[in-house]
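> Sharing a structure here in structure tokens format.
We did not get these values from a lab; they are worked out from the coordinates using the rules stated. Computed from a predicted model, the values in this text were never measured in an experiment. Backbone-built Cβ (ideal geometry, glycine too); neighbour counts: all protein chains shown.
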Amino acid sequence: MRPMGATVVLIGLGHLGGPLLDRLAVSAAVGRVVAVSRDPDRGAARCNLSRLNAAVVGAAADIEHRPADVLHPEQITDIVDEVPPDLVIHTASMQTWWLLDLLPPEAQVLKAAGFGAWLPLHLVLAIRVMEGLAAAGYEGHVINAAYPDVINVVLGKLGMAPTVGVGNGPRFVALTPDGTRAYVANLSDDTVSVINTATNTVVTTVG
């Protein structure tokens, strides 16, 4: 039986959320993970994969899946009311980070347009999540992993800033043995965010 640890609500199980779930599943600092995504079957299957990964290294992961559509913030409110988390991690997006690389040559002008053209695809869900958390009266820590360089600034202007963001495309998380630092590998910009776990702030970005 794993010792009691933090309860984490992880929103999104795509190319960011899935690998993060794998890491949370084997973390000694995490006691329970409630993973949230739209599709009940795919979500349950992804959680089973993380349980299997944890079992391979001898960890008994306490993971459950809760289906919810982030576009409806009241569904997030209901989950947070029922499962009071110590930490919420938001990874959901309406556009995966590697989509732009799949565009045909004639559509590369869209990629050249910069972040403005794609901002709504990341921002809408982040706003809905923060609205849902506010309605639940949640005052704990929130990590935004969906395009935080821009999204966190906008959320701050709206009075709903998360605690901290991690770099674009966060893929892997590792804690120092004393638990004072978390290292987050950001795949899409080839950097590593170093987070002070006591203050929940990014102290430096390497890369």
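> To the nearest 0.05, what FRET efficiency results for R42 and D101 with a Förster distance of 22 Å applied to their C-beta separation?
Efficiency at R0 = 22 Å is approximately 0.40.
> When the scattering of region 1-148 is computed by the Debye formula from its Cα atoms alone, each counted once and equally, what is log10 I(q)/I(0) at q = 0.13 Å⁻¹?
Reported log10 I(q)/I(0), two decimals: -0.60.
> Right, another one. Going by amide H atoms built from the backbone, whose H comes under 5 Å of the H on D62, apart from near neighbours?
Here V33 satisfy the definition.
> Using the Karplus equation 6.51 cos²θ - 1.76 cosθ + 1.60 (θ = phi - 60°), what ³J(HN,Hα) coupling, rounded to whole Hz, does each residue of region 38-45 give in order, writing x for Gly and Pro?
Couplings: 6, 8, x, 6, 5, x, 5, 5 Hz.
> Could you give each residue of region 29-36 its phi-based ³J(HN,Hα) in whole Hz, using Karplus coefficients 6.51, -1.76, 1.60 with θ = phi - 60°, and x for Gly or Pro?
With the stated coefficients, region 29-36 comes to 7, 10, x, 8, 10, 9, 9, 10 Hz.
> Note down the nm distance, to one decimal, between modelled labels 7 Å out along Cα→Cβ at T201 and at V153.
So the two model labels end up 1.9 nm from each other.
> Amide H to amide H, which residues 5 or more places from L87 or on other chains are under 5 Å from it, using H placed in the peptide plane?
T7, V9
> State to the nearest 20 debye the size of the charge dipole of region 25-79 about its Cα centre, where the only charges are +1 on K and R beta carbons and -1 on D and E beta carbons.
240 debye
> For a quick check: with amide H placed at 1.01 Å from N, whose amide H comes under 5 Å from L16's, ignoring anything fewer than 5 positions away on the same chain?
none
> For region 34-117, with equal point scatterers placed on the C-alpha atoms only and solvent neglected, what are the log10 I(q)/I(0) values from the Debye formula at q = 0.17, 0.20, 0.22 1/Å, to two decimals?
Each listed q maps to, in turn, -0.86, -0.98, -1.06.
> Hey, another quick one. Sorted from fewest to most neighbouring beta carbons within 10 Å, what does the list S193, S27 look like?
Arranged by neighbour count, lowest to highest, S193, S27 become S27, S193.
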